[in-house]
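One structure below.
What follows draws every value from the coordinates through simple rules; no lab data is involved. All values derive from a computational prediction rather than experimental measurement. When we count neighbours, we look across all protein chains shown, and the Cβ atoms used for this are built from the backbone with ideal geometry, even at glycine.
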Amino acid sequence: MWDFWGKSGMYPLILAISAISTLLVCEEFQLQTVHWAVITSVVTVQSLSEFTGKNQMLIDAFERAAGSFLGIYFGYVTVVYMQILISDTFRWAYYIMIFVAVILTGALEYILPGFRLSVISCLLMITLLSQVDSTYALVPEYALSVMIGVVIGIICSFIFHAYKNTQNKA
């Protein structure tokens, strides 16, 4: 019989707690990009779901946060250069620049596997700033949303692993 509070049931509960906690924090700060934070929070919990020990978990958590920040930066730089270089006649260059940004962040993830969130953060930044009504004023809010999601995802992952540890010892 499936035990909801057992090893298999706690993981979906932590995912739900992570998503709702992120939603509540973003609403408290009145952020408009709540969906980015919630997605990032859940992806962070998923990427930290395997228990590797407390010290390795701290390293992994730091790498997720650093990878997210670098992804945001790569996405921002890509959009800035797209604005400078692209006109309607060179629309194909838009796709080439996205391709290059994903290659760079993907290579970063390949070299440093802990930087898994860099590609996602980069693509979220590009899609946010590529919208017609988007302005650069959204960059700090977007970055804050993503980082809130990462931090809450990390906290929830630590809770999940602490629970898993106590279950393994019992």
Cα-projected label distance for Leu58 with Tyr73, points at 7 Å along beta-carbon direction, nm: 2.3 nm
Potential extension, Leu112-Leu24 segment - 0.36 nm per residue separation minus Cα distance: 28.5 nm
Leu13 versus Ser130: modelled label distance in nm, points set 7 Å from Cα along the beta carbon direction: 4.1 nm
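If each residue's Cβ is checked for other Cβ atoms within 10 Å, how do Glu50, Glu28, Glu63 rank with the fewest at the top?
Listing Glu50, Glu28, Glu63 from fewest to most nearby Cβ atoms yields Glu28, Glu50, Glu63.
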When the range 96-168 is reduced to its Cα atoms, the Kirkwood hydrodynamic radius in Å: 14.3 Å
10 Å binning of all Cα-Cα separations within the chain, expressed as whole percents from 0 upward: 11, 34, 31, 16, 6, 2, 0
Order of Tyr11, Tyr95 - criterion: other Cβ atoms within 10 Å of each residue's Cβ, fewest first: Tyr95, Tyr11
